[in-house]
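Have a look at the structure below before the remarks.
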Amino acid sequence: MNTEKRLTAPELVDEIRSSLAVTNGWIPALSGPNGPTGVLEDAPLSDIARSLGEFADTPTLPSAVAQQLRRAAESAAASISADSTTAYGHLGAAYAYVIQAHRAADADTTS
């Protein structure tokens, strides 16, 4: 029996948002003081998608990280106007891309 809990749509948004948080998100920390600032704790999904795109365009980020963040931004943006089932799929994809970006960032710092 599979006992893993599937994240809900709001939980997926919270996970993505926490990666972008102004105060302690890993994405703003990676981009440095001259990069975008991230989002607030209660930022709506539209702000999250926009912020992912801004970070993807940050020249100081490794290209592998930027590529994954760009995909995450596209998926997050696509979820905004989609029906609930399709939106969930887009949010899941966005979250997966954020995880891949984090792994790419870790790989870049250990190289």
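The values are calculated or read from the model by the stated rules, or taken from the named source; none is laboratory data. Nothing here was measured: the structure is a model prediction, and the numbers come from that model. Heads up, the Cβs are rebuilt from the backbone with ideal geometry, glycines too, and the neighbour counts pull from every protein chain shown.
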Hits in segment 53-86 (condition: modelled with pLDDT of 95 or more, over 18 Å from Gly38 (Cα atoms) and not hydroxyl-bearing (Ser, Thr, Tyr)): Ala64, Ala78, Ile80
Of all residues in segment 23-41 being under 13 Å from the mean Cα position of the chain (by Cα) and without any contact (Cβ under 8 Å) to a residue 40 or more places away in the chain, the one that is nearest to Pro62 (Cα to Cα): Pro28
Residues satisfying the stated conditions in segment 81-111, i.e. out of contact with any Leu (no Cβ under 6 Å at 6 or more places or on another chain) and hydrophobic (A, V, I, L, M, F, W, C): Ala82, Ala87, Ala93, Ala94, Ala96, Val98, Ile99, Ala104, Ala107
Search result, residues across segment 82-100 that are without any contact (Cβ under 8 Å) to a residue 24 or more places away in the chain and of a type in the set (S, T, N, Q): Thr85, Thr86
Those residues of segment 78-93 which are within 11 Å of the chain's Cα centre (by Cα) and either exposed (fewer than 15 other Cβ atoms within 10 Å of the Cβ) or small (Gly, Ala, Ser) (or both), in sequence order: Gly92, Ala93
Condition broken by Ser75, with the remaining ones in (1) surrounded by 15 or more Cβ atoms within 10 Å (Cβ to Cβ); (2) more than 18 Å from Gln100 (Cβ to Cβ); (3) not charged (D, E, K, R) satisfied: (2)
